[in-house]
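Have a look at the structure below before the remarks.
The values are calculated or read from the model by the stated rules, or taken from the named source; none is laboratory data. Computed from a predicted structure; not experimentally measured. We place every Cβ from the backbone using ideal geometry, glycine too, and count neighbours over all the protein chains shown. These accessible areas exclude ligands, DNA and RNA; they are computed on the full protein's heavy atoms, side chains included. Shrake-Rupley method; radii C 1.70, N 1.55, O 1.52, S 1.80 Å.
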Amino acid sequence: MDVALEVGAPALRAVAAVDLLYVVGNDRERGVEAVGLARDAEAMLVALGDPPLLRARLMSHRASALAHGSSPRPEEAVQLHVEALAILRGTLGDSHPDVIVELGNLGAALSQTDRFEEARAQLEDALARAIATWGEGHPRTARLRGTLGRALAARGELAAAREQLERSLRAREAALGDDHDEVASARYNLAMVMREQGDHAEAIEQLTRGLRTRERARGPDDPGHAEWLQRIGISELARGEPRRAQSPLHRALELSERWGASRDRFGNLRVSLARAYAPDDPAKARVLAELARREWLDDPEELARIDALLEELRAAEATRDAPEPSPRGPG
C-alpha cells in the first residue's frame, strides 16, 4: 500500500489510501493517524470526481475507525454505514455481495449502541443473504455468524451467542484449516463467552489453541499476545489453579512492560499475579499488590479490593514467619 501511495496512478493511490485507512483504523492506538489518512483519501476521491464505490468504501472504513478507536463513537459510525449502504444499494443493487458485507458492518456498529433489536435485525438479514449467496460454510458467512454471536454476547444472551460462535468456528476450521488467524480469532470470541458462562477449562483450551496459531504467525513476542495470556491466567485463577496461572500472567506482564500497555492493564495483571503467587509466596504477592495499588489510586472500589487482598497477604506472611513452637521435653 505504501508503494502504491508513492508511485501509483491517482486511482490506484486513492484505492490504497482507502484500504490503508481500514488497516490503521482498526488499531486503537493509531486513531490520530487514521484521521489523517481519512483526510488524505477524501482529497484524492474529490480529485477523481468522487467515484461512488470508493466513496462508500471510504465511509465504511471511516466508520470502522470510529467504532474501534480508543474513544469509540458508535453513533457516528452507524450514520456513516447507513450512508455507505445507501450508495452501494443505489449503485450495485440490493443483492450484491458488497451490500451484504455492509449490512453486517452496520449491524456490528449498531450493536455497540443501545439499539440492539435493530442490530439483530440487520445481522440476521445479512446472515440470511450470505447463506443464500455463498452457502453456510463460506468464510464470509462464518464471519457474519460470528458478528451476530458477539452482538448476542454483548446483550447477555450467552447461550444463543455460544451457539452462533461455535457454528462460526466450525465453519472457519472447515474452510480455512485449524492454523489460520481467522480461526484463532473465532476461538478467542468463543472463549470469552465460555468464561462468562463459567466454563473456564474449555475457555483455556480455546485460548491456548488460538494463541499457538498466533505465535506461529507472529512470533512469540508480539504485544497482542499479552491479552490472550492474561485471559488464560485469569481463567486458571477462576478454576482454582493459581500455580498454573503464574506462567501466562508473568509472560503477559513481561510483554506489556516491553511494549507498553495501559495503566488498567498493568494494574489488573499485577493484582492477578498477586493472587496467583499468594499460596506459594505471599511476600512476593504483597509486593505485586502494592505496585498494582499505585495504578488505581483514583478508583476507590478497586483500592478497597486491593487493600483487602493486602490484608490477607500480610496475615499469610505473619503466619508463615511465626516461629515453630518448641517441643516440650520430659518433665
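Both numbers refer to the Cα atoms of region 1-99; Rg and Dmax are 13.3, 37 Å.
When only Cα pairs below 8 angstrom with a gap of at least 6 residues are kept, the chain shows a relative contact order of 7 percent.
Just checking the listed ones, 104, 240, 49: in the Gaussian network model of the chain with Cα springs under 10 Å, the one fluctuating most is 49. For helix 282-295, report the angle its Cα long axis makes with the longest principal axis of the Cα atoms of the chain; keep it between 0 and 90° and round to the nearest 10°. The angle comes out at about 40 degrees. Note on residue 159 and residue 176: their simple-model spin labels are 2.9 nm apart, each label 7 Å out from Cα toward Cβ. The angle between the Cα long axis of helix 263-277 and the longest principal axis of the Cα atoms of the chain comes to about 40 degrees, rounded to the nearest 10.
Among 305, 30, 214, the order of accessible area from largest down is 305, 30, 214, computed with a 1.4 Å probe on protein heavy atoms.
Dipole magnitude of the chain about its Cα centre, charges +1 at Lys/Arg Cβ and -1 at Asp/Glu Cβ only, in debye to the nearest 20? Spell out each step's value before the answer.
Values: 46 positive and 56 negative charges, 99 e Å.
Here the chain has a charge dipole of around 480 debye.
Expressed as a fraction of 2.2 N^0.38 Å, the C-alpha radius of gyration for region 201-321 is 1.09. Taking the longest Cα principal axis of the chain as reference, the axis of helix 97-110 is set at about 40 degrees. A viscosity of 0.890 mPa s and a temperature of 25 °C, combined with the Kirkwood radius over Cα pairs in Stokes-Einstein, give a translational diffusion coefficient for region 36-88 of 219 µm²/s. Descending by average beta-carbon neighbour count within 10 Å, the peptides 54-65, 175-186 line up as 54-65, 175-186, the highest first.
Checking [x] -0.29, -0.60, -0.97, -1.40; [y] -0.19, -0.43, -0.77, -1.35; [z] -0.20, -0.46, -0.84, -1.52 against log10 I(q)/I(0) by the Debye sum over Cα atoms at q = 0.06, 0.09, 0.12, 0.16 Å⁻¹ calculated from these atoms, the matching label is [x]. Based on the Kirkwood approach, the hydrodynamic radius assigned to region 58-168 is 13.9 Å, with every pair of different Cα atoms included. Over all projection directions, the Cα-based convex hull of region 107-175 averages an area of 3.9 nm².
Full extension of the segment from residue 294 to residue 314, taken as 0.36 nm per residue of separation minus the current Cα-Cα distance, would add 5.4 nm. Stretched out straight at 0.36 nm per residue, the stretch from residue 46 to residue 241 would grow longer than its current Cα-Cα span by 64.3 nm.
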